1. Residues with beta-carbon under 12 Å from that of B:Cys142, excluding B:Cys142: net charge, scoring Lys, Arg +1 and Asp, Glu -1?
2. Apply the Karplus parameterisation 6.51 cos²θ - 1.76 cosθ + 1.60, with θ equal to phi minus 60°, to every residue of region A:84-91 and state each ³J(HN,Hα) to the nearest whole Hz, in sequence, with x for glycine and proline.
3. Taking a ≥ b ≥ c as the square roots of the eigenvalues of the Cα gyration tensor of region A:431-556, is the shape rounded (a/c under 1.5), prolate (a/b larger than b/c) or oblate?
4. Using DSSP, restrict attention to beta bridges with both residues in region A:468-591 and report what percent are antiparallel, rounded to the nearest 5.
5. What is the helix-to-structure angle for A:41-50, meaning the angle in degrees between its Cα long axis and the longest Cα principal axis of chain A, kept from 0 to 90 and rounded to the nearest 10?
6. Would you please give the residues with an amide H less than 5 Å from that of A:Leu347, counting only those at least 5 places away or on a separate chain, with H modeled from the backbone geometry?
7. Over chain A, consider all pairs of different Cα atoms and compute the Kirkwood hydrodynamic radius from their mean reciprocal separation; express it in Å, one decimal.
8. Of all beta bridges DSSP finds with both residues in chain B, what is the antiparallel percent, to the nearest 5?
Amino acid sequence: MGFFVLRALQRSRTPLSRLLSPQNPTFQSRWITSTTDLHKPEASAAAASEAPRPEIPPPRTPVGGARVHISSPEDAIEVFVDGYPVKIPKGMTVLQACEVAGVDIPRFCYHSRLSIAGNCRMCLVEVEKSPKPVASCAMPALPGMKIKTNTPVAKKAREGVMEFLLMNHPLDCPICDQGGECDLQDQSMAFGSDRGRFTEMKRSVVDKNLGPLVKTVMTRCIQCTRCVRFATEVAGVQDLGMLGRGSGEEIGTYVEKLMTSELSGNVIDICPVGALTSKPFAFKARNWEMKGTETIDVTDAVGSNIRVDSRGPEVMRVVPRLNEDINEEWISDKTRFFYDGLKRQRLNDPMIRGPDGRFKSVSWRDALAVVAEVMHQVKPEEIVGIAGQLSDAESMIALKDFLNKMGSNNVLCEGNGIHPHADLRSNFLLNTNIGGLERADVFLLVGSQPRIEAPMVNARIRKTVRATHAKVAYIGPPTDLNYDHQHLGEGPQTLLEIAEGRHPFCSTLLSAKNPAIIIGAGIFERNDRDAIFAAVETIAKHSKAIRPDWNGFNVLLLNAAQAAALDLGLIPESKNCIGSAKFLYLMGADDVNLEGVSNDAFVLYQGHHGDRSVYRANIIFPSSAFTEKEGTYENTEGCAQQTVPAVPTVGDARDDWKIVRALSEVAGSCLPYDSLAAIRARIRAVAPNLLSTDEREPATVSADVKPEFQYNMSMSGFKSAVENFYMTDSISRASKIMAQCSASLLKK
Amino acid sequence: MIASTGRLVGRRLSEIRHIFRQSPIVGSSNAPRRFSTALNYHIDSPDNNPDMPWEFSEANKERAKEILSHYPSNYKQSAVIPLLDLAQQQHGGWLPVSAMNAVAKVIEVAPIRVYEVATFYSMFNRTNVGKYHLLVCGTTPCMIRGSRGIEEALLKHLGVKRNEVTKDGMFSVGEMECMGCCVNAPMITVADYSKGSEGYTYNYYEDVTPERVVDIVEMLKRGETPPVGTQNKLRIRGGPEGGNTTLLGEPKPPQCRDLDAC
């Protein structure tokens, strides 16, 4: 053995004596050396000033697009970060000043959207004339402060903090799901020491059961309390807390309790270590193996920005993308976890129901020919098209154009009711826009339960209520909104009282500066929707909710397709078209009531999931889901966004608009577009706002131009528009995770 | 040569570590690390579950109201510690989860905020204790003066383990950190829950010996009240044994100019 070593050493031509001499660094054991003389701020300042360096280093770009908004010049103060002067507004913390200056300060407990805890101590920096390193996340920046982030003191402080954090942290990165995207891993590589001095036993903590979504490995927890603050501040469920003290401290619920929040999945993202990870994603993939596709969510009308992480043909997980105007950096649990529905119950091939009532796979050619033949046999006005809640604008315009060409004008989108009004955009959009809700000081929710209809809008309202103590009043069935609210009543009776000024809440509404009235889209299904809208418009007029600088008249839609459908004019000609239909074209419509459809009607279901409508369908066209196609969706505030295909589609499925286009050709009334660009050119003619992607197109015409007339209002109370938050569309109904959620989180 | 030295050093280090690991810790089980409190989570049991009804007694409701009056009405949560203490006294020295829920209702916060406080402070007992809860100071001065022997004597006499209640429900022994009687170390505290929150006492017994603590336990068992304070008959409170040796006369007045002479 020694011989080989000797040979190897000789070959490397290094004199053995040099190798073995203590001066050689490779053979010295590396200990954590302490340069005590540099640990005093004066000394280190002196040491730093000795080093020759330019007066003012070149400016750096702010970290993570950090923005500074200085309202008036006297509010600005100047601080120096590593010698580089930055102007920041008063009240910013040292950490934020460093971000503006382009210095990324390591942190665990600090999160820009949560309150400041200051308990991880990772963000220590040196401040001149301060005797000790300063926790930058909790220290307000003062004028002329000289912040040093790169000095031996700061480095030593971080290294020390990191050593303490790793003391009780299991080094199980190889089996940890956070591995590869772990803040602790990254920061210990960047700022930590390469060894620790801890030789005692590590502690272990019992794992908690937070429900079917969040997996806990509490031994990995570093007690940053981000999850506690998130649950308390953003999600509004005060279930999590910090229990115990000292080294026995742990995060938990104390009593056995599931985290019953529709935003609980976000704790997975904010957890800087692997203590809270995704349960459905556990041990499925590593983050570097996946392809991220930046797309948008279609489970509700908010259009949260998401990234779909896929590996090969499989969607592995969904994570949020930052969009300050829509979802900030949160997404709802349904958005995050319904993706497993994309792999189940999928329709692969075109299928025709045989005489025995069973479906049989056929080729596209045959299926299209059958449908075209049937369509020519029925009267044009008996053809009805219904777009589903997940339909994109392209396929909806294709469907509308095709049926119009066939002579029918009965095209509608489910969720919009039987007689929707599409003339005034302000009558179906969230005119205040989601970000604008933060400026409101009084909310009136009319038949809308934003917590289950649009959790991201609810999070905004909650944020506003917490920040400005805005008042919330609610009319509708009893519900649990996670902020203080006044339950005024259950139905139109209360609405009338407010409209006529007889209700005690009127005084609050009248004294409000920026009142926001939010009408739930569940009202679209009521026959007296016009009367309710008229009452709400009266209230809006009295409370001055519609002004040139503020539009507080809002409709909160339920589905991703609704806004675009109304913009494209998917409005049926006759009110009971479904009952009289002989040919029903269901383009992903699963939530439409098919009981009234006559038995001899021919039902074509075109969709990606074998869901409710398939039971009635005579023929099935498989289409691709939102993760597999490029499509335009308009969210409830009127912002058009596009999905991007992340994975290939399954089986013989095709994009919706392509199927419609193919069918139109077989049926002999060919649509004049063959490509997505051509179909978008057609959309430009109908609703050009759908093409200005990621831009909010506000409604310009107000409700004032509406003709006045008398409506009858029924006094039956408002109903919940969403029965089960976790199962609202065909994808989430096919999802196993969502089924688990409904079973465990919704049980009373 | 270096390799063999390294090996030697390594072996020596592991030996040293081994010695430290094996160091006997009196009064504890074989757990490698000890924590100040019991479990940080709740396990349902017949006498401790959220469904158990629990309310402040009428007299204590008045006291709770009085405690709340010390704080501004929008900072009711500040009363969490005194109210938990009151609840503990009422419930025989410990806090079932339903008592914490009741406190949370009074101060209008989520229950978890109360659990956080109750788990943080070791003087809130979340498991059953005896009517007389004996707390032995385990901090350095008392430890040097033999607190481990005292705890051992108590545990042996009562036949229980630490934090365990005797069969008759009378006594339990726990450990407490410094209670500020270091000059009279070692010391124990007796929290007397036998008379409810009205007759609740919390007495210090200082300068105890293993024999004396057994006497104290026997006296408590007989229903007597042992004299509180130092148990060393030769000492008066914190004074030295056998009377003062210094400062015997009147202390000299401070040196300053004679104001009367002005």
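1. Result for the local shell: -3.
2. Ordered by residue, 3J(HN,Hα) equals 9, x, 10, 9, 9, x, 4, x Hz.
3. rounded
4. Of all bridge pairs located within region A:468-591, approximately 20 percent are antiparallel.
5. Compared with the principal axis, the helix lies near 90 degrees.
6. A:His609, A:Gly610
7. That comes to 29.1 Å for chain A.
8. That works out to approximately 60 percent antiparallel.
Any read-out appearing in this document is the output of simple, stated calculations on the displayed coordinates, not a laboratory observation. Values in this document were obtained by computation on a predicted structure and should not be read as measured data. Because the Cβ atoms are built from the backbone with ideal geometry, glycine has one as well, and the counts that use them run over all protein chains shown.
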